[in-house]
1. What's the carbon and sulfur percent of the range 23-500's accessible surface, probe 1.4 angstrom, rounded to a whole number?
2. Mind pulling the angle between the C-alpha long axis of helix 421-453 and the longest principal axis of the chain? Nearest 10 degrees, somewhere in 0 to 90.
3. Given an 8 Å cut-off on Cα distances and at least 6 residues of separation, report the relative contact order of the chain as a percent.
4. Using 0.36 nm per residue of separation minus the Cα-Cα distance, give me the extension gain between ARG108 and GLN82 in nm, one decimal.
5. Could you give me the ³J(HN,Hα) list for the range 285-298, computed from phi with Karplus coefficients 6.51, -1.76, 1.60 and θ = phi - 60°, whole Hz, x at Gly and Pro?
6. Starting from 0.36 nm per residue, how many nanometres of slack lie between PHE460 and ALA242 once their C-alpha separation is accounted for?
7. Need the full-extension length gain, GLU62 to LEU133, defined as separation in residues times 0.36 nm minus the C-alpha distance. One decimal, nm.
8. Before I look further, what does the range 23-500 give for accessible area per residue, probe 1.4 Å, in whole square angstrom?
Amino acid sequence: MAAGSFGVSESNDGGCGGGRVTAFVVLSCITAGMGGAIFGYDIGIAGGVSSMEPFLRKFFPEVYRRMKGDSHVSNYCKFDSQLLTAFTSSLYVAGLLTTFLASGVTARRGRRPSMLLGGAAFLAGAAVGGASLNVYMAILGRVLLGVGLGFANQAVPLYLSEMAPPRHRGAFSNGFQFSVGVGALAANVINFGTEKIKGGWGWRVSLSLAAVPAGLLLVGAVFLPETPNSLVQQGKDRRDVALLLRKIRGTDDVDRELDGIVAAADSAKAAGRSGLRMLLTQKRYRPQLVMAVAIPFFQQVTGINAIAFYAPVLLRTIGMGESASLLSSVVTGVVGAASTLISMFLVDRFGRRTLFLAGGTQMLASQLMIGAILAAKLGDDGAVSKEWAAALIFLIAVYVAGFGWSWGPLGWLVPSEIFPLEVRSAGQGVTVATSFVFTVLVAQTFLSMLCHMRAGIFFFFAAWLAAMTAFVYLLLPETRGVPIEQVDRVWREHWFWRRVLGSDSEEAPASGKL
């Protein structure tokens, strides 16, 4: 890749040197973002495939009979099957179990090797899923995809945050969620098309096409540069790292930024302890640890994955046909991708907190209205009118838009930028593991909760949206424009966290000093 410039100037941010947004770093981040595209594709494809009649008839005949009305079951319970939800959630169980292995690889070997391993696992999962002969083989394909996610979700957000110039780190890092949105949209479009294939084998095409972004990630990662932060952490020669950093930034003025990276790496070596142990035991990392758990937890209890996994199923619950429900999912996929693209332009202008608060409020209002309409208009039998179905699709789109420019991208951006280098990979591991734990819980319980709570499930998610918006308002400091190796300071300037950290010199951050 040739170095170049898009003409965006970069002033001295926190003493990290000038520079430009170069074509080299943009192309590198686009390639790495394929990891997000696979994540989104896997989310979107599962929901669509699990609503296709040929797929259900082959692997989940009991659900198929209920859906076709062969037995009297409530609208809210037609898709309630632990085996069906296991098909969806097995991917995230595998991702969870892989995460901490991936954390060690990412810390010791670098971000690129994790992306290579993730791409290879994705390819294997796509092959097994598309060739499935029984439900267990289909679940094995999802497990292999989950292994890929464990590596990709560990490495890609870190890669994007470390490669991005400080002033534009939000936009670059939000590219991960934009890739997730594009992947989900592609899945919805493909599901809509393959559902029409005569012979009932369209679901095989849907599952197999995960190989396309997987192949792009695998091949692209071969040619990607490692991040300067990771190279310094691995003990590479400073002169070689300086050459790469000059190419990335498009300027020779990189000494201050490199000094900050080296200081962070020296701090990690001096500590001589496991990053995870340091993160869990030392008080100076307490704010970051809280965020590494709270943010992915809240991201899941927005209810977004219930919508993402089961939007076609949900729309069939209210009485829509198979093709119409898949088409509606395409519409919401377009909205999600577009709103995330918008966030890339807003996040470094208005900051993380503003988008969190505005998006949370938007999602809360739409969840309350969705719950109210379902409670009033959808009983155990029959379907809602076309007018109310259109209103529900509109509100789902409003909800998805709110997530797309707030908790979607920021749920990955903020955790990836708040950790000092010595605990950064461990912190990302905690973030990804927490995300997977609650993704599994939501995926495995949503259909059962829908059956038992009915419309009340949307009020349940709305209550969490109120809580998480208050959490951000009170406890999350702004990190916009702060160089990644100096983010430590925002905690000591925050009204609450400075009390937690105290003034003990032993707890003072060692990294990020220039």
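The values are calculated or read from the model by the stated rules, or taken from the named source; none is laboratory data. Since the structure is predicted, the reported quantities are computational estimates derived from the model, not experimental observations. Virtual Cβ from ideal backbone geometry, glycine too; neighbours counted across all protein chains shown. The protein model used for the area step is the full one, side chains on, heavy atoms only, and it has no ligands, DNA or RNA in it. Shrake-Rupley method; radii C 1.70, N 1.55, O 1.52, S 1.80 Å.
1. Heavy-atom surface of the range 23-500 belonging to carbon and sulfur, 1.4 Å probe: 66 percent.
2. 10 degrees
3. Relative contact order here is 25 percent.
4. Using 0.36 nm per residue and subtracting the Cα-Cα distance, I get 5.5 nm.
5. Result, ordered by residue: 9, 4, x, 5, 5, 4, 5, 5, 8, 5, 5, x, 4, 5 Hz.
6. Residue separation times 0.36 nm, minus the Cα-Cα distance, leaves 73.4 nm.
7. Contour length minus the Cα-Cα distance gives 23.8 nm.
8. Roughly 34 Å² per residue, with all protein chains present.
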